[in-house]
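Reading through the structure tokens given below for one structure.
The values are calculated or read from the model by the stated rules, or taken from the named source; none is laboratory data. What you are looking at is a predicted structure, and each value in this text was computed from that prediction instead of being measured. Here the Cβ positions follow ideal geometry from the backbone for every residue, glycine too, while neighbour counts run over all protein chains shown. The area values use the complete protein model at the heavy-atom level, side chains included, leaving out ligands, DNA and RNA. Shrake-Rupley method; radii C 1.70, N 1.55, O 1.52, S 1.80 Å.
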Amino acid sequence: MKQRIDLHLHTNCSDGLRTPLEILEEVRKRKLAAFAITDHDTISGFLSAREQLQEGDPELIAGLELSCSTEAGDIHLLAYLFDPDNARLLEALGDFQEKRNQRGRKMVQRLNDMGISITYDDVLQAAGTAAVGRPHVAEAMHQCKAVASYDDAFRQYIGDKKPAFVPKHNFTPADAISLIHAAGGVAVLAHPMVAGAVDRIEELAGLGIDGIEVLHPDHKQHEAAKLKEMAERFRLLWTGGSDFHGRGGRCGSIGSEAVPIDCLQELKLRSSQKRGSD
Ligand code: AMP
Ligand code: ZN
Ligand code: FE
Ligand code: FE
């Protein structure tokens, strides 16, 4: 059997529930050949897993999932094989975290104004080591019994366009691609079938993305087949992963997508060609 990899995993450094070490242990158990930790807008989960690697472990790839805003809605760009010490990248991620904190405070203020007495500390506690996001606000609201469930918090208060929703400061796709390339990495459009990102593939190819994610738990078989064709048409690479978050719902389990190691080899080739042509 061909060796499998998983190029899309989240830890509790973003909105996953498992620690980087727990992910590493599971990847070992499942005998994956390689894996990428792709937390939202932070590489701290990747760095922590890297520190805990032992000899003979599966190969850990530098990864990141950048949130990008466009007028037509948000898209997620996966970054792979970048230099995790790149100063421009680190500065951009630091700035992003700071803006996330400010946004979290604003959402708490709006909820307070609506009579819900949660504090920003409750949210920070829910976030733990992660950058503050809506999942942590929802968790804090549920814990304070302000809502009956995590999902209710989104449905009633903080879902898109709901009264306590505050938009996120995001990168533009062009900025994100340039940032990833400047750090020696490759840029891959995440889960194109989600929120109509598939309609933007041609435009993103024009902006210089390197690949698209084809295998993903949200993609049906015929959709993955269509995406593979699109990748060929636009001369893009293809990747895949479970988008594991450790909670039920729309993510897969670690290694659940049949992603062959060849995908990674192609990414490496592309990254080294890029670095060579700088
Ligand atoms: P943020 O990046 O802070 O805007 O939070 C986005 C995250 O919130 C997503 O990745 C999901 O985990 C979660 N989320 C967004 N909308 C919903 C929803 N309607 N119901 C449940 N979770 C949601
Ligand atoms: Zn996520
Ligand atoms: Fe995503
Ligand atoms: Fe993801």
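Below, the figures for the structure above:
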{"quantity": "Cβ pairs under 6 Å, 6+ apart, first in segment 30-45 and within 14 Å of ligand 2 (Cβ to nearest atom), second among the acidic types (Asp, Glu)", "calculated": "THR38/GLU65; HIS40/GLU65; GLY45/ASP39"}
{"quantity": "ASP85 being assigned to a loop (DSSP other than H, G, I, E, B), surrounded by fewer than 13 Cβ atoms within 10 Å (Cβ to Cβ) and out of contact with any Pro (no Cβ under 8 Å at 6 or more places or on another chain)", "calculated": "yes"}
{"quantity": "Sole exception among (1) modelled with pLDDT of 95 or more; (2) out of contact with any helix residue (DSSP H, G or I) (no Cβ under 7 Å at 6 or more places or on another chain); (3) part of a helix (DSSP H, G or I); (4) within 16 Å of ligand 1 (Cβ to nearest atom) for ASP121, by number", "calculated": "(4)"}
{"quantity": "Among the residues listed as GLY248, GLY241, GLY185, GLY255, the single one being within 15 Å of ligand 3 (Cβ to nearest atom) and of a type outside the set (A, V, I, L, M, F, W, C)", "calculated": "GLY241"}
{"quantity": "Long-range neighbours under 7 Å by Cβ, at least six apart or interchain, first residue in contact (Cβ under 8 Å) with a residue 60 or more places away in the chain within segment 171-185, second open to solvent by 50 Å² or more (accessible area, probe 1.4 Å) and among the acidic types (Asp, Glu)", "calculated": "ALA183/ASP83; GLY184/ASP83"}
{"quantity": "Within segment 47-58, tally of residues that are open to solvent by 10 Å² or more (accessible area, probe 1.4 Å) and either touching a strand residue (DSSP E or B) at 6+ places or on another chain (Cβ under 7 Å) or among the aromatic types (Phe, Trp, Tyr) (or both)", "calculated": "3"}
{"quantity": "Residue in segment 26-35 that is within 18 Å of the chain's Cα centre (by Cα) and within 16 Å of ligand 3 (Cβ to nearest atom) present", "calculated": "no"}
{"quantity": "Selection within segment 106-161 - of a type in the set (S, T, N, Q) and touching a residue at least 60 places away in the same chain (Cβ under 8 Å)", "calculated": "THR129"}
{"quantity": "Residues located in segment 59-82, provided they are open to solvent by 20 Å² or more (accessible area, probe 1.4 Å) and more than 13 Å from ligand 1 (Cβ to nearest atom)", "calculated": "GLU59, LEU60, THR70, GLU71, ALA72, LEU81"}
{"quantity": "Breaking point among (1) of a type outside the set (Phe, Trp, Tyr); (2) outside any helix (DSSP H, G or I); (3) within 19 Å of ARG105 (Cβ to Cβ); (4) modelled with pLDDT of 95 or more, for HIS169", "calculated": "(4)"}
{"quantity": "Count - residues of segment 237-259 that are more than 11 Å from ASP218 (Cβ to Cβ), of a type outside the set (Gly, Ala, Ser) and under 16 Å from the mean Cα position of the chain (by Cα)", "calculated": "5"}
